[in-house]
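See structure below.
The values are calculated or read from the model by the stated rules, or taken from the named source; none is laboratory data. Just so it is clear, the model here is predicted, and its values are computed rather than measured. Cβ atoms come from the backbone with ideal geometry, glycine included; neighbour counts cover every protein chain shown.
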Amino acid sequence: MRVIVRGGGDLASGTAYKLFQCGFEVILLECEKPTSIRRYVSFSEAVYHGQASVENVWCVKAECIQEVEKILSDKKIALLVDPDGKSISKLHPDVVVDAILAKKNLGTRIDMAKIVIGLGPGFEAGKDVHAVVETKRGHSLGVVYYEGKAIVNTGIPGVIGGYGKERVIHAPETGILHCKAKIGDIVEKGQCIAMIGNVCVEASLSGVLRGILPDGFSVWKGLKMADIDPRKEQVENCTTISDKARCIAGGVVEAILHLHNL
């Protein structure tokens with residue numbers, strides 16, 4: 001079965017990874033300038049570098065439909081820059097998964113494939129998509145809804161190690177990002193982890209810098225630009241798929257198999 005995953009961030013990539021490992025053909029559709037901060041576990045990096053790997057699974061950027069087919073035949077994940085999903089009808093997928101995580105529907109329709117799945121808020125099962133997978137941390141994470149919607153977005157990141165919104169750092173200014181720390185570094189609260197012009201971006205808490213936009217990236221004020229994990233012993237988490245992504249991916253596989261066997 002062929003699956004198109006819209007999006008290439010860490011949750012979309014965790015989903016794509018599991019689908020690929022389960023034997024599906026996987027194609028990612030991304031935007032021209034992805035802003036994934038967990039770059040070491042995001043296939044969206046292929047947009048910038050031509051290819052990217054997550055836990056030894058490779059994703060290769062394609063420039064056209066013909067290249068997509070070649071990449072799939074080489075047993076790799078293919079990626080197209082196609083934020084509007086214009087290529088979907090030409091690629092004839094069995095499944096479309098909207099993993100953009102925009103908290104709203106950016107154009108995914110229930111008639112795009114035999115099985116259409118949305119991740120998180122912004123979709124209604126039975127209307128926009130056939131199924132919705134819960135993305136909010138907690139007891140319902142990964143639950144599949146075949147009717148209704150996911151839990152409404154609160155705007156507050158899930159709690160890890162006792163911290164929620166403090167974990168995420170947003171750009172305090174518009175400008176070019178100059179990193180002073182890299183993914184995997186242990187940082188202390190108040191430490192300058194980056195500069196935007198003459199403005200210092202300070203670590204919001206002590207822990208592992210789990211994600212940050214690349215040096216030289218053009219950011220705008222309010223953009224999510226970094227993520228700190230307060231668990232200093234969890235450095236290896238920077239290069240492996242998160243528990244959240246694996247759980248959501250499991251929900252996607254469940255939904256596909258359930259709907260396929262109806």
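Here are a few things to note about the model shown:
- Residues that are closer than 19 Å to Asp98 by Cβ, in contact with a Pro (Cβ under 6 Å, 6 or more places away or on another chain) and assigned to a helix (DSSP H, G or I) occur in region 47-55; there is at least one.
- Subset tally (residues that are modelled with pLDDT of 95 or more and either small (Gly, Ala, Ser) or part of a loop (DSSP other than H, G, I, E, B) (or both)) for region 173-197: 14
- Candidates Glu124, Glu166, Glu173, Glu134, filtered to the one that is surrounded by 14 or more Cβ atoms within 10 Å (Cβ to Cβ) and closer than 19 Å to Ser13 by Cβ: Glu134
- Val252 fulfils the conditions (1) assigned to a helix (DSSP H, G or I); (2) modelled with pLDDT under 95 except for a single criterion, (2).
- Test: Asp98 is buried (at least 23 other Cβ atoms within 10 Å of the Cβ), modelled with pLDDT of 95 or more and either over 15 Å from the mean Cα position of the chain (by Cα) or in the same structural domain as Tyr17 (by TED's automatic domain parsing) (or both): yes
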